Amino acid sequence: MTKRTVLSGAKVVRPTGVVDGGRVTVEDGRIAAGRRDEPEGAGDEVEVVDLAGHWVLPGFVDIHVHGGGGASFSAGTADEALRVIETHRAHGTTTMLASTVTGDLGDLAWQAAALSELVEQGDLAGLHFEGPFISALRCGAHEPALLRDPDPAAVRKLIDAARGTARMLTLAPELPGGIDSVRLLSEHGVLAAVGHTDAPYETVREAVDAGATVATHLFNAMPQLGHRSPGPIAALLEDERVTVELINDGTHLHPAVLELAFRCAGPDRVAFITDAMGAAGMGDGLYPLGPMKVEVRDGVARLTEGGAIAGSTLTLDLAFRRAVTVDGIAVTDAVRALCATPARLLGLSDRVGSIEEGKDADLVVLDGDFALTGVLRKGEWLVRP
């Protein structure tokens, strides 16, 4: 007897558009073909969930997240990492990279080895190293004393420590070894991301030509767009080879800037991210971010020393809701930016990122006001509507 779950009556967001009064059938952890001509329960154990008045979306994909639930990936322990994962899954993120923060190279290698086990067992989609190969002029919430130039040998050490699970590394290409490291990353199938950089326009163009394909939280931790010195923003935004990360929490980006970036790049080149630290899913208070200390007040995370914004407390369900209710982005476009585009970037679009037959049954249920009410991951309810 096959166990099936049928989500019925919702507005289902599929690659071809929104299906009103749609139906999604789940079998053995995957999205199955619907059987409209067969009575429910004929030969199978069937759970029918009536979702009239709701939305069903693909599970969210976050390529940049550091922590949540009071825990951090940088702790390098399975217990803390699983707490981060569970926190974001409860908010609809069913696929994610684990992002580290700047640290001693040996510590980062140790963290990578520990986190790689969670990738191998399917809890994470891979690792993202943010630092230490970034600019001291644009380091944000990274410890300046631990920064270093992106020497290809050092970059290779982190890749090797991750045992094939490294998926992305953020660096400043203007630093010595930067362009060579971009080439190295590209050769090893690791996404080279330009971020925390003071590079001029021409250097970023060179980095993209060398293989860089991601803009780490575009606009943040880089020079402002200038009419005589356009800098990284113009180079990253204009190039169709680059996917741009945007933090849509209302703090990191003014709505007009977000609208401009979304209009220029389009949903096929935008990946909404959280850049979340340990306070995501929690309340105000003091939290660690790698070796740095962060105070969260009114939901905004800042370093206790210097006051720089230190990641976010965002979850992707809130990023999606803000996109469609505040920013005026079409539901289908927001879904692409939170699901299909990051899934394709990670090379996972055959499994996740859209509601199609044969893919993992990673699904998010929202009510009519776009508030999250349900989460399925591989066909199992994590949050039941």
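The values are calculated or read from the model by the stated rules, or taken from the named source; none is laboratory data. This is a predicted model, so every value here is computed, not measured. Note that each Cβ is placed from the backbone with ideal geometry, even for glycine, and that neighbours are counted across all protein chains shown.
Taking each residue of region 1-30 that is closer than 20 Å to residue 369 by Cβ and looking for partners that are of a type outside the set (Gly, Ala, Ser) and not in a strand (DSSP E or B) with beta-carbon atoms closer than 6 Å, six or more apart or interchain, yields 7/51; 9/51; 10/51; 10/54; 13/335.
Specify which of the listed residues (213, 197) is surrounded by fewer than 24 Cβ atoms within 10 Å (Cβ to Cβ) and of a type in the set (Val, Ile, Thr). Answer to the check: 213. Within region 302-313, the set of residues being over 17 Å from residue 245 (Cβ atoms) and either in a strand (DSSP E or B) or among the acidic types (Asp, Glu) (or both) comprises 302, 303, 305. When 186, 181 are screened for being of a type in the set (S, T, N, Q) and surrounded by 24 or more Cβ atoms within 10 Å (Cβ to Cβ), only 181 passes. For region 44-63, taking the residues that are hydrophobic (A, V, I, L, M, F, W, C) and not in a loop (DSSP other than H, G, I, E, B), the one that is surrounded by the fewest Cβ atoms within 10 Å (Cβ to Cβ) is identified as 48. Given the structure, is residue 318 in the same structural domain as residue 138 (by TED's automatic domain parsing), within 28 Å of residue 143 (Cβ to Cβ), crowded, with 18+ Cβ neighbours inside 10 Å and in contact with an Asp or Glu (Cβ under 8 Å, 6 or more places away or on another chain)? So residue 318 fails the test.
Restricting region 314-335 to residues that are outside any loop (DSSP other than H, G, I, E, B) and charged (D, E, K, R) leaves a set whose member that is nearest to residue 29 (Cα to Cα) is 317. Summed over region 100-133, residues that are under 20 Å from the mean Cα position of the chain (by Cα) and touching a residue at least 60 places away in the same chain (Cβ under 8 Å) total 8.
Within region 336-356, one or more residues are at pLDDT 95 or above, over 20 Å from residue 56 (Cβ atoms) and part of a helix (DSSP H, G or I). Candidates are the residues of region 278-292 that are modelled with pLDDT of 85 or more and surrounded by fewer than 22 Cβ atoms within 10 Å (Cβ to Cβ); the one that is nearest to residue 131 (Cα to Cα) is 286.
Taking (1) of a type in the set (Asp, Glu); (2) in a loop (DSSP other than H, G, I, E, B); (3) over 20 Å from the mean Cα position of the chain (by Cα) in turn, residue 295 satisfies each apart from (2). Among the residues making up region 200-222, those that are in contact (Cβ under 8 Å) with a residue 40 or more places away in the chain and assigned to a loop (DSSP other than H, G, I, E, B) are 213, 216, 217, 218, 219, 220, 221, 222.
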